[in-house]
Amino acid sequence: MEADHSTRIAITPLGSISVSGGLGERLERSRAHLVRLDTDDLRRELVEPDAAWHWGADYMGRWIGAMAYLGTLTDDLTQVHRVAKELISHQRPDGSFGSYGEDHDFQEWFGMGRGLVGLLDYHAVTADPDALAAACRLGDYYVEHYPEDGALQIEVNATALDGLVTLAVLTQEERYLDVARRVADSSMPMRRLWASTDFGYRGLRIPVAGAVHCHLLTGRGLLDLFEVTHEDRYLEAVLALYSHLMDQAISVNGAVGEFLMGAEESETCSDADWLRLNLQLWRVTDEARYLEMAEHVLLNAIFFDQTDTGAFTYRRGVQGRPGASFDACCSNHGPRAMVEAVSYAFAGPPDSLSVNLFLDARGQVVVDGSPVEIETTTRHDSDSHSLALRLTLGAGADRSFPVRLRVPEWAGSATALVNGSPAAHAETPGIVAVSRQWSVGDVVEIRFPTRVRVVRGQTIGRHLTDERAVAVFYGPQLFCLTERLNPEHRLDLLRLTLPGSEPESSVQVVAPDRLEVPGLGPDGAPLTLGLWPLSSTGGSPNGIGRTHPTKANYFKVWIPNGAVPALAVGPDRS
Ligand SMILES: [Zn+2]
């Protein structure tokens, strides 16, 4: 069996591209934070599990997976080698992980899924035979003991699916594919079950809690299984999950929520899987909308989810919820998804050089079977309202091939120049391509207009929840009202006065990361209000290791808008 990575789109292999700029800084901040997490908390659930925390191999599995990939950025894998050996040493004689209670409950089954994937991610980077052997023993435990059902949060059970499919492809052992099918066939997306209506243990909906991270982990596994088996029913289940999230869960920043019933509370793990699912769906279907969504989620959800310390959060929301860092899962799963995005930045048809995400990067892309050195730099210009990406071709470019540049929806059009001369223009989103005989040192530049876009009407999924509110985008980025730029006012008492027709014309672009909009203060006096990117939220958790409340400056994305003379004032109680 083989994963059919269709010939239409080839992914850039791991480690062949390094990034600097905004994403590079975020990856480094993530890695530095994960280095600091190598403490007692990382191993506590394997060593001394308790009633609240006994997710077994979850934390350490995620950590070694993320650190193996991030380690390729620095070529230093010493620490991850040590922790991977330690994880393997906790494997029980029957192949399972976790020692809380007589049997493994839903927490430990969930942890085994992430432990399996962590071992396989670590193996993908290092080719370590002990990690593969441990993954096989765990896979055999699934073959023998996989629970089709359960009383609590049964959507956690299927979260090993991506690991089991990977194991089947790696080993060519039919038994792993058979158990992957069993896991898939009993999974919630295959049954179209998203959340139960009964309540039980700790207020959870039972048996299906509606945990988005679990549904999306399973969804990614189902897509892997579709790529191996070509059975449409697996893809259909993924698309059913996709449309449910688009209809009822997604926020304006692309986040999909921790639980299906609480869209305002995010979880980085959900957003990370959502990013990866969109990238994979683009590769499988070649539909540009998935790549559009992936870019949106990366810039406005994943970046928003990250704190100043490098940790990633859950229970964060676009209306001013700073949430809490979640080091046991989100701080590992967030960077793992960012690494995946890098491998899609230059993915495309194998006979061409493609640019999908606009990053500062350098490295090697394979075109028609042989490598080409590339370097890209980006530059925002708020005077000309444009974003320019310069692609410099290096060694290996002395030949003829097409350079394909993505023209995103947020730009709407683009102009491509070769060595300073106009070479192609696109009036609509899609692809602009330049094909010619190239020379080493040639520079392709693509310029996009960065436009202001005002979204009218607050939504959850496709549903309007407040018609008076507006949100503001500039280029690909979602902006928010922040106390940092409006220190004299309480944000909840402010409103905007954007006109009903062409509201964008009243938004002033002061800098790529700063907008000014007309508004009203609490006393009804006209004001100029400052907005900055939602991704600048950051904030500081009050500790490291597990979950820690995070302080961030107050912010809000959805702002009431209306050219009314003053806010209504209640009765005078003085
Ligand atoms: Zn998480």
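Cα-based values for the chain, radius of gyration first and Dmax second, are 24.2, 80 Å. Rounded to the nearest whole Hz, the Karplus-based 3J(HN,Hα) values (6.51 cos²θ - 1.76 cosθ + 1.60, θ = phi - 60°) of the stretch 197-213 follow the sequence 10, 9, 10, x, 2, 6, x, 6, 5, 10, x, 9, 7, x, 6, 5, 4, with x at glycine and proline.
I'd like to know which of Ala127, Ser370, Val443 lies farthest towards the positive end of the charge dipole of the chain, counting +1 on Cβ of Lys and Arg and -1 on Cβ of Asp and Glu. Positive-most Cα among the choices belongs to Val443. Sequence-distant contacts, meaning Cα pairs under 8 Å at least 6 residues apart, place the relative contact order of the chain at 13 percent.
Projecting the Cα positions of Gln79, Tyr59, Gly111 onto the charge dipole of the stretch 19-145 (unit charges on Cβ atoms of Lys, Arg, Asp and Glu, taken about the Cα centre) puts Gln79 furthest along the positive direction. Which shape class applies to the stretch 329-387: rounded if a/c is under 1.5, otherwise prolate when a/b exceeds b/c and oblate if not, where a ≥ b ≥ c are the square roots of the Cα gyration tensor eigenvalues? The shape class here is oblate.
Packing order of peptides 217-228, 95-106, 118-129, highest average first: 217-228, 118-129, 95-106 (average count of other Cβ atoms within 10 Å over each peptide's residues). Given R0 = 51 Å, the distance between the Cβ atoms of Leu464 and His425 translates into a calculated FRET efficiency of 0.90. The percentage of C-alpha pairs in the stretch 452-560 whose separation is greater than 17 Å is 56%.
Overall size of the stretch 19-145 from C-alpha positions, given as principal axis extents largest first: 49, 31, 21 Å.
Restricting the chymotrypsin sites (Phe, Trp or Tyr not before Pro) of the stretch 1-93 to loop positions (DSSP other than H, G, I, E, B) with no more than 15 neighbouring Cβ atoms within 10 Å leaves nothing. Cβ crowding within 10 Å ranks Arg202, Arg8, Arg29 as Arg202, Arg8, Arg29, fewest other Cβ atoms first. Taking amide H as placed 1.01 Å from N in the peptide plane, the amide H of Phe401 sits under 5 Å from that of Arg436, Trp438, each at least 5 places away or on another chain.
Take the alpha-carbon centre of the stretch 263-337, take the same for the stretch 74-149, and report the distance between them in whole Å. If we compute the Cα centre of each part, the gap is 25 Å. Summary of the geometry: the stretch 206-257 and the stretch 448-486, compared by the centres of their Cα atoms, lie 26 Å apart. Considering helices alone, the calculated mean residue ellipticity of the chain at 222 nm is -11000 deg cm²/dmol, with DSSP H runs of length four and up weighted by -39500 (n - 2.57) and normalised per residue. Modelled spin-label separation between Asp232 and Glu144, with each label point placed 7 Å from Cα along the Cα-to-Cβ direction: 4.0 nm. The loop-placed trypsin sites (Lys or Arg not before Pro) in the stretch 341-422, going by DSSP, that have at most 12 neighbouring Cβ atoms within 10 Å of their Cβ come out as Arg399.
When Ser439, Ser370 are arranged by Cβ crowding within 10 Å, least crowded first, meaning fewest neighbours, the order is Ser370, Ser439. For the stretch 263-306, the list of GluC sites (Glu not before Pro) that fall in a loop by DSSP and count at most 13 other C-beta atoms within 10 angstrom reads Glu287. Ranked by how many other Cβ atoms sit within 10 Å of their own Cβ, fewest first, the residues Trp410, Trp274 fall in the order Trp410, Trp274.
Values in this text are rule-based calculations from the coordinates and carry no lab data. Keep in mind it's a predicted model, so treat the numbers as computed, not measured. Using ideal geometry, Cβ is built from the backbone for each residue, glycine included, and neighbour counts are taken over all protein chains shown.
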